[in-house]
Amino acid sequence: MASLRHDGRKADELRPLKMTAGFVRPADGSCLIEMGGTRVICTASFVEGVPKWRVDSGQGWVTAEYGMLPASTGSRRSRPMPFPDGRSVEIQRIVGRTLRSVVRMERLGENTVYLDCDVLEADGGTRTAAINGAYVALAGALAAAAAAGKCDKDALRGAVAAVSVGIIGGRAMLDLDYSEDSLAEVDMNVAMTSGGKYIEVQGSAERAGFDTGQLDKMLALARRGVRRIFAAQQRAIRKGPRR
């Protein structure tokens, strides 16, 4: 059995990963994330006030929006006007839910952080890239807000990261690109906190069912992948915004 994939990677290897914190200078927090051929700009905006249903609760809120630029997939996509399409709505809910899992809302005060994830180029794994980049943007925005006395310094309780896994030719593989995703018998996205808790495990069989052994292998690959992503996130945060 061949040990390498079409791009030369091993089964447990991430695509080349780069995160640039502070890429969008006017934003409260931002990150350009590049995972292989997928590139996503993530920004975080810290805004005073919360949704009406959250008023007088003493707690903040984190929400996300996600979209793909018209040329991100090669052939032009129509802009989703006036409302995003169903896939975008699903993904932005996942991004928001995942990022909320690592925020202490009571330490945020009655403020809202808006996370905007815009896909520049899509080559598979756009939702996981959005989560990974949005965390770096969120961390930057909360650090800036804490320094300005707008929220507590410990509003962020930990890190969160996500990666795709799948079964191709009966073999578990990590971080699928588009060509692999289109061939996968099983496709799964896994989001985890730095404390080792699962936030999202979203998978489906495309061509054939999978058994417990294959599920365990995919989750083991995902755990390895997110550990490497956590390290990349922290490097990006320590390096800080571009000057």
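The values are calculated or read from the model by the stated rules, or taken from the named source; none is laboratory data. Here the structure is a predicted model, which is why all the values come from computation and not from measurement. Note that each Cβ is placed from the backbone with ideal geometry, even for glycine, and that neighbours are counted across all protein chains shown.
Rundown of residues vs (1) over 28 Å from Pro16 (Cα atoms); (2) polar (S, T, N, Q); (3) assigned to a loop (DSSP other than H, G, I, E, B), yes/no style:
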residue: Cys117; (1), (2), (3): no, no, no
residue: Asp123; (1), (2), (3): no, no, yes
residue: Ala130; (1), (2), (3): no, no, no
residue: Ala139; (1), (2), (3): no, no, no
residue: Ala146; (1), (2), (3): yes, no, no
residue: Val163; (1), (2), (3): no, no, no
residue: Gly166; (1), (2), (3): no, no, no
residue: Ser179; (1), (2), (3): no, yes, no
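Looking only at residues in the stretch 17-26 that are within 14 Å of Gly133 (Cα to Cα) and not β-branched (Val, Ile, Thr), which one is surrounded by the fewest Cβ atoms within 10 Å (Cβ to Cβ)?
Residues of the stretch 17-26 within 14 Å of Gly133 (Cα to Cα): 17-24.
Remaining after also requiring not β-branched (Val, Ile, Thr): 17-19, 21-23.
Details: Leu17: 20, Lys18: 11, Met19: 25, Ala21: 24, Gly22: 20, Phe23: 20.
Per the criteria, the residue is Lys18.
Give the residues of the stretch 122-140 that are buried (at least 24 other Cβ atoms within 10 Å of the Cβ) and among the aliphatic types (A, V, I, L, M), sorted by residue number. Listed by number, the residues that qualify are Ala129, Ala130, Ile131, Ala134, Val136, Ala137, Leu138.
Collect the residues in the stretch 222-243 that are farther than 17 Å from Gly195 by Cα, touching a residue at least 12 places away in the same chain (Cβ under 8 Å) and either assigned to a loop (DSSP other than H, G, I, E, B) or among the hydrophobic types (A, V, I, L, M, F, W, C) (or both), keeping them in residue-number order. Walk me through it before giving the result.
Our first condition is that a residue be farther than 17 Å from Gly195 by Cα; within the stretch 222-243, this holds for 235-243.
Next, only the ones that are touching a residue at least 12 places away in the same chain (Cβ under 8 Å) stay: 235-237, 239-242.
Those that are farther than 17 Å from Gly195 by Cα, touching a residue at least 12 places away in the same chain (Cβ under 8 Å) and either assigned to a loop (DSSP other than H, G, I, E, B) or among the hydrophobic types (A, V, I, L, M, F, W, C) (or both): Ala236, Ile237, Gly240, Pro241, Arg242.
Within the stretch 12-43, which residues are in contact with a Phe, Trp or Tyr (Cβ under 7 Å, 6 or more places away or on another chain) and of a type outside the set (Val, Ile, Thr)?
First, the residues of the stretch 12-43 that are in contact with a Phe, Trp or Tyr (Cβ under 7 Å, 6 or more places away or on another chain): 28, 30-32, 41.
Across the stretch 12-43, the qualifying residues are Asp28, Ser30, Cys31, Leu32.
Pairs are defined by a Cβ separation below 6 Å, a sequence spacing of at least 6 or placement on different chains, a first member in the stretch 84-109 that is over 26 Å from Lys153 (Cα atoms), and a second member that is assigned to a helix (DSSP H, G or I) and not aliphatic (A, V, I, L, M); the pairs so defined are Ile91/Arg127.
Here the strands (runs of 3 or more DSSP E) wholly within the stretch 1-82 that include at least 3 residues being modelled with pLDDT under 95 and within 23 Å of Val163 (Cβ to Cβ) are 61-68. Could you tell me whether any residue of the stretch 187-204 is outside any strand (DSSP E or B), touching a residue at least 12 places away in the same chain (Cβ under 8 Å) and farther than 30 Å from Gln59 by Cβ? The answer is no, given that none of the residues of the stretch 187-204 is outside any strand (DSSP E or B), touching a residue at least 12 places away in the same chain (Cβ under 8 Å) and farther than 30 Å from Gln59 by Cβ.
Filter the stretch 167-186 for residues that are surrounded by fewer than 17 Cβ atoms within 10 Å (Cβ to Cβ), of a type outside the set (Ser, Thr, Tyr) and in contact (Cβ under 8 Å) with a residue 60 or more places away in the chain and give the result. If the condition is that a residue be surrounded by fewer than 17 Cβ atoms within 10 Å (Cβ to Cβ), of a type outside the set (Ser, Thr, Tyr) and in contact (Cβ under 8 Å) with a residue 60 or more places away in the chain, then Arg171 is the only one that fits. The single residue among Arg242, Arg207, Arg238, Arg171 that is of a type outside the set (A, V, I, L, M), touching a Phe, Trp or Tyr at 6+ places or on another chain (Cβ under 7 Å) and modelled with pLDDT under 95 turns out to be Arg242.
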